[in-house]
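Here is the structure we will look at.
The values are calculated or read from the model by the stated rules, or taken from the named source; none is laboratory data. Keep in mind that what you see is a predicted model, and the values were worked out from it rather than measured. No Cβ is skipped: glycine too gets one built from the backbone with ideal geometry, and neighbour counts run over all protein chains shown. Side chains included, ligands, DNA and RNA excluded: accessible areas come from the protein's heavy atoms. Shrake-Rupley method; radii C 1.70, N 1.55, O 1.52, S 1.80 Å.
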Amino acid sequence: MADSDLIARLKSKNESYASSFEGEGVPGKAGQALLILTCMDSRVIPHEIFGLDIGDVKVIRNAGGQLNPEVENDIVLASHLLNCHTILVMPHTKCAMASMPLSAVQQHLSDLAGIDFSNFKPRMIDDAETKLQTDVYNLQNHPLIKEGIEVYGAVYDVDSGLVNWLE
Ligand SMILES: [Zn+2]
């Protein structure tokens, strides 16, 4: 499918979305006081996974659904200003970011694109379970995140749709 066909389809779908839109006046603060940090993976659809609606949740996404300094800043803001009292860090099974080491990614990209990727350093995940535990711990103990915020970790299973919560 050519890009222009895709954009035309998106425009058409959006017009039909807007024609029955009922979100006018929904507050910008998260109605369920919830923030989810997850992966950009196209199989992860937070609103559908948890039956959430417009205005319910803040969602931060990146490659791997992982904490980094920029995400930390966003979560600090959300905890104080956007009513986010519960934070869920939710990576997923079969995540590409946890599937190979940095050196292999660099080599793969160099082979694919024919340019040097040796200085390109995406945040690959060595051990998905440890990374999730560490991210949750770091948020729970972050000095600037609003006191009393609850932080949870879970892994979304892209094959079953089930969310497996950390104990
Ligand atoms: Zn992923």
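Consider region 116-145. How many of its residues are open to solvent by 80 Å² or more (accessible area, probe 1.4 Å) and over 16 Å from Leu102 (Cα atoms)?
Of the residues in region 116-145, 7 are open to solvent by 80 Å² or more (accessible area, probe 1.4 Å) and over 16 Å from Leu102 (Cα atoms).
In region 3-20, what count of residues is obtained for those that are under 29 Å from Met90 (Cα atoms) and either of a type in the set (Phe, Trp, Tyr) or surrounded by fewer than 10 Cβ atoms within 10 Å (Cβ to Cβ) (or both)?
Result for region 3-20: 1.
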